[in-house]
Amino acid sequence: MPEGTQALDFVGHNERSMPIEILMPELGESVHEGTVSRWLKQVGDFVKEDEPVVEIMTDKVNTELGAPASGFLVKITIPEGDLVEVFSEMGLIEPDEAKAKELIASGGGSSSNGAAPAPAAKEAAPAPVAASAPVVEAPVATDGRRWYTPVVRVMAKENGVSEGELSRISGTGQGGRVTKKDLENYLANRGSAPATPTASTPAPAPQEFKQSAAPAVAGPDQEIVPLVGMRKMIAEAMVRSSQVPVVSTLIEVDVTPLVDYRTLNKDSFLATHGVKLTYTPFFIKALAECLQQFPMLNASLVDNQITMNKSVHMGCAVSLGKDGEGGLIVPVIKDCDKKSLIDIARDLESIAARARINQLGVADVQGGTFTITNPGSYGAVLGTPMINAPQSGIAGVYGIQQKPVIINGMIAIRSIMNVVLTYDHRLVDGLQAGRFLQAFKNKLEKMEFFK
């Protein structure tokens, strides 16, 4: 099998009289769905077993999936840009050429450009829930979909709770989200009389990013393009993060000692260690040490439960593609609290290089506990970064500028950098945030993290 290609799961391979289903495989322990970003074959095309046939995007990472068998692609069930859940059918392959032609001619396959299936199949309503189930109709997003945590999805799967049944459970979590406790209560009372809604009304579920219901009409100098692929994933992630009440706090840092150190050592560092010495590894190292002092900024809040992370897994915002045309992605450097500056510099260069050629895997972007973004690398001097929910914090480091400052009553020219901390105000108070930034400032100004 070609490197970087994963074969799809399939069924029916012993029954050659039936087309072979192309199923969405499990691409990670916490991955429950993905987006079909691109079909590499069209209906009617012949495809060899293990040959890449479709690209799936999960967590903003594209993965090429191989065909389960050799044959003709006779149906595209999930068109480009649509979500597909794990183990769901995405398309069909018919090994027999004659039967393939019959299926395509009879409308058994979709159009070659990946058009959606017939409206009747697309709009089929979920199976009705038994009247005895203790279900309360919950508000849903405008497109009928709701977001569930991996814990809830695993519990639902283990207890045979269908997607339609799950969507009708009233959630008490943020934005009406179904929590683990909600599902436990539902399962405990399953089969009893319908539950009576409480007086309190759950908050409306966060609306997912979507276009207006009315179709947009392009003007003479306009073009309408669908929101798909990377931009759709980013949009959905931003909507989820926007539901979190956050505050941003700014501090100025005198990084003159750091600038001088890098200027003196960058050439010898490259010659000795084989990696460029940039400012970002210093920031990551200092942040990792500060996060050990302020663990709530390294925590996450999901379904009224706080997860305290003992290790620091730093998400680093980098651009995809040679010129950043592929959007933004946040690969993770694991165990930054245990690594040296040299190790961090090597890891950072590795993930940046793989991001430029789109070779990051699903595992590379999962498990982050805190995020750093460096808009200063492209000249930005100030901004308010958005947290990567459910993480509780993100640090934005901005452009270093020479400024006149007063030191002991004297005017001096120093290298000054703005640092902005955006944090989940449910977990972190302003006092904690201020002390965290002061600790970060002191480490950079005194180069304490080398001690």
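Of the residues screened, Ala353 is one that is in a helix (DSSP H, G or I) and under 24 Å from Lys276 (Cβ atoms).
Report yes if some residue within the range 282-293 is surrounded by 14 or more Cβ atoms within 10 Å (Cβ to Cβ) and assigned to a loop (DSSP other than H, G, I, E, B); otherwise report no. Looking through the range 282-293, none of the residues is surrounded by 14 or more Cβ atoms within 10 Å (Cβ to Cβ) and assigned to a loop (DSSP other than H, G, I, E, B).
Taking Asn374, is it within 23 Å of the chain's Cα centre (by Cα) and farther than 24 Å from Asn298 by Cβ? Considered against the rule, which asks whether it is within 23 Å of the chain's Cα centre (by Cα) and farther than 24 Å from Asn298 by Cβ, Asn374 comes out as no. Per the listing Ile387, Ile394, Ile413, the residue uniquely at pLDDT below 95 and among the β-branched types (Val, Ile, Thr) is Ile387. Looking across the range 303-351, just one residue is free of Cβ contacts under 8 Å to residues at least 60 places away in the same chain, among the aliphatic types (A, V, I, L, M) and either surrounded by fewer than 17 Cβ atoms within 10 Å (Cβ to Cβ) or outside the structural domain of Ile387 (by TED's automatic domain parsing) (or both), and that is Met308. The set of residues in the range 373-415 being within 29 Å of Val246 (Cβ to Cβ), part of a strand (DSSP E or B) and out of contact with any helix residue (DSSP H, G or I) (no Cβ under 9 Å at 6 or more places or on another chain) consists of Thr373, Ile394, Gln401, Lys403.
When the residues of the range 352-387 are filtered to those that are touching a Phe, Trp or Tyr at 6+ places or on another chain (Cβ under 9 Å) and among the polar types (S, T, N, Q), the one that is surrounded by the most Cβ atoms within 10 Å (Cβ to Cβ) is Asn374. Exactly one residue out of Asp221, Asp260 is surrounded by fewer than 16 Cβ atoms within 10 Å (Cβ to Cβ) and modelled with pLDDT of 90 or more: that is Asp260. Taking the conditions exactly as written (surrounded by 13 or more Cβ atoms within 10 Å (Cβ to Cβ), assigned by TED's automatic domain parsing to the domain that holds Asp303, over 19 Å from Ala389 (Cα atoms) and at pLDDT 80 or above), does Val253 satisfy them or not? Yes, satisfied. For the range 70-145, the strands (runs of 3 or more DSSP E) that sit wholly inside it and include 2 or more residues that are at pLDDT 85 or above and surrounded by 12 or more Cβ atoms within 10 Å (Cβ to Cβ) are 71-76, 89-94.
Filtering Ile413, Ile394 for residues that are surrounded by 14 or more Cβ atoms within 10 Å (Cβ to Cβ) and either within 26 Å of the chain's Cα centre (by Cα) or not charged (D, E, K, R) (or both) leaves a single hit, Ile394.
The values are calculated or read from the model by the stated rules, or taken from the named source; none is laboratory data. What you are looking at is a predicted structure, and each value in this text was computed from that prediction instead of being measured. With ideal geometry, Cβ positions are generated from the backbone for all residues, glycine too; neighbour counts draw on all protein chains shown.
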